[in-house]
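Everything below concerns the one structure shown next.
Bear in mind that the values in this text are calculations on the coordinates, not laboratory data. Since we're looking at a predicted model, the values are computed, not measured. Glycine also receives a Cβ, built like all others from the backbone with ideal geometry; neighbour counts cover every protein chain displayed.
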Amino acid sequence: MHAPLLSEATQNQPTHEAEQLAKMIARELNASTDADERLAGDVQLLVEILSKVLLDQMPLSAMKATLEVIRLAKSRRASADGNESELEGYISALSTEDSRAVLRALCIQFDLANLAEDRQRIRVLLERESKSWPAPRAESIGEAIGRLKQAGFSPEQTQQMLDGLEIEMVFTAHPTEAKRQSIRSKLRRLRESLSKLDAAHPRERADLHRRMHAELTSWWQTDFVRPRRPTVIEEVKRGLGFTTTLWNVVPEICRDLRQALAENYPSHEFRLPTLVRFGSWMGGDRDGNPFVTSDVTAEALMQLRRNALQNQLQQCTRMISLMSESDQKAVCRPAESHTGGVSAKNAGRNLRSQTG
């Protein structure tokens, strides 16, 4: 990733005063009392990189304002009466330019803090699973099926319960989730860089730090909100950004369920119904959006169907690249019920001819 161009605030080399302000901002933001060294280390790294970006991108007046707002906010939080008049008065007196810069800096910091906490939460869950292995993780599918078995559920009763289980999650273009796709992508790449740091060599760590600095600089120079309200179809396309994750996660849920059933009822073959379904208000909710017409809904449905087919074809293409078995070395059983009367071997040949 190329380093973004410098803003107007960085045309000159940072002064000693600016460098000191950046260090003080980092120190104030990094005043964590968390006992876990790994979480504290992630927070410290992210704060240090952010402070360097602020040094490059912020005018001196905005850096001073950011430091003072942080200090006043911490003082207000620590006071018994929660007096915020001094903080309100200081913010009210700021120029529009400095107010925007302070808000931008703190918004990025909050997102970075959430990123570090999410990463720590994953660590804790993985550690709990490792400690309890081979017993299932607490509050997992494996534990739930195990509790059914312990409660005396027979295989037939468990199958009946599964047949009656229906989970439907509905996506909505919620106004509180206004983060742009470009910002979410930057957060995802920052999270990936943090994960790579765990096993990186010194040279690789330095390169990852540079990438994270470039990512944060680009984030600073990106508009946080869209310059105009998205159309309904644009909202639909934005919602489709989640489908790649769902396409990977839902099969894992089904795998965990199959494994739990096999471990608890090894002599019974279960029939797995469709447990999880997804819906979307985007493109179909006409209660509060006059722009959702019948034509828009038809186009939204077409977008959803096209996306599902594209994801399916991508998985099929991936499987083709993995399936190098020869029919001289491996025997395939016919799969009449799944291919409409076409044998598995011929179905594979047809798929190859369709996907190249």
Using alpha-carbon coordinates, inclination of helix 294-322 to the longest axis of the chain, degrees = 70 degrees
Along the charge dipole of the chain, Cβ charges K/R +1 and D/E -1, which of Leu115, Leu190, Leu72 sits furthest on the positive end?
-> Leu190
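Longer than 31 Å from Cα to Cα, which of Lys23/Lys179; Lys149/Lys329; Lys23/Lys186; Lys64/Lys179; Lys52/Lys74 are they? Say none if no pair is.
Details: Lys23/Lys179 29 Å; Lys149/Lys329 41 Å; Lys23/Lys186 24 Å; Lys64/Lys179 27 Å; Lys52/Lys74 22 Å.
The pairs that break the limit, which is 31 Å between Cα atoms, are Lys149/Lys329.
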For the chain, with a Gaussian network of springs between Cα atoms less than 10 Å apart, report the residue from Asp295, Asp207, Asp81 with the top mean-square fluctuation.
-> Asp81
Sort the following peptides by mean Cβ neighbour count (other Cβ atoms within 10 Å, averaged over residues), highest first: 262-269, 39-46.
-> 39-46, 262-269
Over the Cα atoms of region 58-169 the radius of gyration and the largest Cα-Cα distance (Dmax), both in Å, equal 25.4, 71
What size of dipole, in debye to the nearest 20, comes out for the chain about its Cα centre when the only charges are +1 on Lys and Arg C-beta atoms and -1 on Asp and Glu C-beta atoms?
-> 1100 debye
Radius 15 Å from Cβ of Glu204, net charge of other residues (Lys, Arg +1; Asp, Glu -1) = +2
Per GNM of the chain with C-alpha springs under 10 angstrom, the most fluctuating residue out of Gln57, Gln310, Gln328 is Gln328
What's the local net charge at Met24, with K and R +1, D and E -1, over the other residues with C-beta under 14 Å away?
-> +1
Given the C-alpha centroids of region 188-243 and region 89-133, what is the distance between them in whole angstrom?
-> 14 Å
Extended-chain gain in nm, criterion 0.36 nm per residue less alpha-carbon gap, Glu166 and Ser321 = 52.4 nm
Report the convex hull volume per residue for region 176-261, counting only C-alpha atoms, in Å³.
-> 137 Å³
Two pseudo-spin positions, 7 Å from Cα along C-beta at Ala214 and at Arg100, lie apart in nanometres by 2.7 nm
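So what is Rg over Rh here for the chain, counting just Cα atoms and using Kirkwood for Rh? Walk me through the numbers before you get to the answer.
On the way: Rg = 26.7 Å, Rh = 25.5 Å.
Here the Rg-to-Rh quotient is 1.05.
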Any idea what angle helix 60-78 forms with the longest principal axis of the chain, computed on alpha-carbon atoms, 0 to 90 degrees, nearest 10?
-> 70 degrees
May I ask for the angle, rounded to the nearest 10°, between helix 16-29 and the longest principal axis of the chain, with both axes built from Cα atoms and the value confined to 0 to 90°?
-> 50 degrees
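How large is the convex hull of the C-alpha atoms of region 108-155 per residue, in Å³? Walk me through the intermediate numbers first.
Numbers: hull volume 3.5 nm³, N = 48.
Hull volume normalised by residue count: 74 Å³.
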Filtered trypsin sites (Lys or Arg not before Pro), region 83-133: DSSP coil and at most 10 other beta carbons within 10 Å = none
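For the chain, what does -39500 (n - 2.57) per DSSP helix run (n ≥ 4), summed and divided by total residues, give at 222 nm, in deg cm²/dmol to the nearest 500? Don't skip to the answer; put the middle values down first.
Numbers: 14 runs with 230 residues, N = 356.
Using -39500 (n - 2.57) per qualifying helix, the result is -21500 deg cm²/dmol.
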Neighbour-limited loop hits for trypsin sites (Lys or Arg not before Pro), region 169-270 (at most 15 other Cβ within 10 Å; DSSP other than H, G, I, E, B) = Lys179, Arg180, Arg228
